[in-house]
Structures are given as structure tokens and as C-alpha cells.
1. Taking the Cα centre as origin and putting +1 on Lys and Arg beta-carbons and -1 on Asp and Glu beta-carbons, what dipole magnitude results for the chain, to the nearest 20 debye?
2. Find the relative contact order for segment 36-169 and round it to a whole percent, using C-alpha pairs within less than 8 Å whose residues are 6+ positions apart.
3. What are the ³J(HN,Hα) couplings of segment 175-188, residue after residue, when phi is run through the Karplus curve with 6.51, -1.76, 1.60 and θ = phi - 60°? Round to Hz, x for glycine and proline.
4. Once both axes come from the Cα atoms, what is the angle between helix 2-14 and the longest principal axis of the chain, in degrees from 0 to 90, rounded to 10?
5. Where Lys and Arg each count +1 and Asp and Glu each count -1, what net charge lies around Tyr89 among other residues with Cβ under 12 Å from its Cβ?
6. Which FRET efficiency value, to the nearest 0.05, is calculated for Leu19 and Ser56 with the Förster distance at 45 angstrom and r the Cβ-Cβ distance?
7. Multiplying the sequence separation of Glu43 and Ala67 by 0.36 nm and subtracting their Cα-Cα distance, what value in nm do you get?
8. How large is the dipole of segment 5-72 about the Cα centre if only Lys and Arg carry +1 and Asp and Glu carry -1, each at its Cβ, rounded to the nearest 20 debye?
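Values quoted throughout were computed directly from the atomic coordinates according to the rules given, and no laboratory measurement underlies them. Note that the coordinates shown come from a computational prediction; the quantities given were computed from them, not determined experimentally. Every residue, glycine among them, receives a Cβ derived from its backbone with ideal geometry; neighbour counts consider all protein chains shown.
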Amino acid sequence: ERDANRLKVLREKVGDKPLIALDAFRTLKTLDNAIKRVNLIKEYGVAFVEDPFLESEGVAAIALREATGVPVSFGESLASSKMAEQVLYYNQTDILRIDALVIGGVGEFLKATAYAHQKGKTFATHIHTEVHSQLAAATPNLYPGGLEYLDPRYEIDLFHHLLLKPIEIRNGKAILSTEPGFGIQWDWDAIQHFSR
């Protein structure tokens, strides 16, 4: 009920247009609990529920989607494109959540997103916007609003402290670097400081 009240207030503040997704961070534990909680919040236009369960509990994710009508998204902990393909093959996620730094690098990321595209699925990225913005720009099936960005002002992710020029977001759009590679320029003084 607390989540439903929060979403109600948020929806009233932002209006109907912005997408709102719920990151359950694998906390819903049982299918019955997940169905109950998602049914309480779906009236507020939840675009999808992220990580309702562990990736290994794909059957529960399917059942949650079927019981509530709310799409599910997971995959940020998948360690290879083969694992992502299996999740997609069995239709266990509506939106593949993917992290290039976990899945095995650029090649594995591109294989997984290509397979998702082949299956008619979109994907959303997991943090490290400097890396994922470049990769997302090279793919046709990024979920609308699916480039995750953690605003440095809130200190949720500290990666930006290691960079000379963190990614810039302007008018809701990531401004891609034109520097070589991912355009990452390390702040070696900061890295040395945090290495102590």
C-alpha cells in the first residue's frame, strides 16, 4: 500500500506522459506477494516491473505478467549472451535488462540485443551510461527511455567520480562523446585517491 501511495503521488506530480517503472530489486520473493503488490500499483500506469525475482525464476516472471498484465524486465545479472538468449527464447522477460560490463563486453552485449531484436523484444541498459549510450546508439531496439542514467547529484552510483567528463544529459537526451572508444577519460588522481 505504501508503494501504491507513493506511485499515486508521483503520477499526480508528473502527469500521464512520463514512463514510470518499478525496480523491485528481487524483493517480491513469492509469486502471490508479487501479484498482490503489482495489482495495487498498476492503476498508476507502471510501464514495467524490473527484477521482480532472480533471473533463474523466469517461470515466476511469466506468471506475474500473465496475472497482472504488467510487463516484466530483467537480465542485468546475466553473464553471457547465451543466458540472455535462453531468457528471451522462453519469453521470460518483456524488456531485456542488460549490462555490458556483466554480460561479457561489447560483443556479448551486441549479440544479446540482436537476439532480442530478432525475437521482437526491446532492451534497457543498467547503469554506466557512458558505455551503454554508445552501444544503445548502435542498436535498433532500445526501449523508449531505456538508457538508465543515475544523476550524479544523488550519489547513487559513484562511477562519475572516476571520470574527467561524465556523460552530459541535455533536455532528456544523452550527448554522446566523439572521443575514441566509449569517450571515457579517466581521472587518474581520483582513481588513486579511491584506491587507498
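1. The dipole of the chain has a size of about 440 debye.
2. That works out to 17 percent.
3. With coefficients 6.51, -1.76 and 1.60, one gets 8, 6, 6, 9, 6, x, x, 8, x, 7, 10, 6, 9, 5 Hz.
4. Relative to the chain, helix 2-14 is tipped by roughly 60 degrees.
5. Residues near Tyr89 contribute +2 overall.
6. For Leu19 and Ser56, the calculated efficiency is 0.95.
7. That works out to 7.2 nm of additional length.
8. 320
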